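Below: one structure, written as structure tokens.
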Amino acid sequence: MLTATQMDGWMGTSSIKIKPDQMQILNPVMILAFLPILQLGVYPCLEKLGLRMTPLRRMTAGQFITALAFLVAGFVQLTIDKNRV
């Protein structure tokens, strides 16, 4: 929430502005959006490529994606801090 209050909220060059309170709702919405995408699209494609996606492999992939998300959030915060000076 702190990062969201430090950002201007404008989405690219469009006229859409997201407020910090609205940004918090994006996490559950993204989870609900990505579950069917992964279940119906990504996992079957990986199975066809010969990579069997067991529950342990799914959890491991999720942890790597989470780590990547933290790295992206850290770089976003560094950019915000650099531009505030």
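Here are the numbers:
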| read-out | value |
| --- | --- |
| All lysines inside 27 Å of LYS82 as judged from Cα atoms, apart from same-chain residues fewer than 8 positions distant | LYS17, LYS19 |
| ASP81, ASP8, reordered so the largest accessible area comes first (probe 1.4 Å) | ASP8, ASP81 |
| Rounded to whole Hz, the Karplus (6.51, -1.76, 1.60) HN-Hα couplings of region 61-78, x for glycine and proline | 4, x, 5, 5, 5, 4, 4, 5, 5, 5, 5, 4, 4, x, 5, 4, 5, 4 |
| 5 angstrom amide H check on ILE18, placed H, neighbours 5+ away | TRP10, MET11 |
| Size of the chain as Cα extents on the principal axes (Å, biggest first) | 50, 25, 21 |
| Share of carbon and sulfur in the accessible heavy-atom surface of the chain [1.4 Å probe, %] | 70 percent |
| Crossing angle, helix 26-37 versus the chain [Cα axis fit, 0-90 degrees, rounded to tens] | 20 degrees |
| Å² per residue, accessible surface of the chain at 1.4 Å | 86 Å² |
| Mean-position separation - Cα centroids, region 51-72 and region 11-47, in angstrom | 16 Å |
| Contact order normalised by residue count of the chain, Cα under 8 Å, 6+ apart, percent | 22 percent |
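The values are calculated or read from the model by the stated rules, or taken from the named source; none is laboratory data. This one's a predicted model, so the numbers in the text were calculated from it and none came from an experiment. Note: accessible area is taken over every heavy atom of the protein model, side chains too, but ligands, DNA and RNA are not part of it. Shrake-Rupley method; radii C 1.70, N 1.55, O 1.52, S 1.80 Å.
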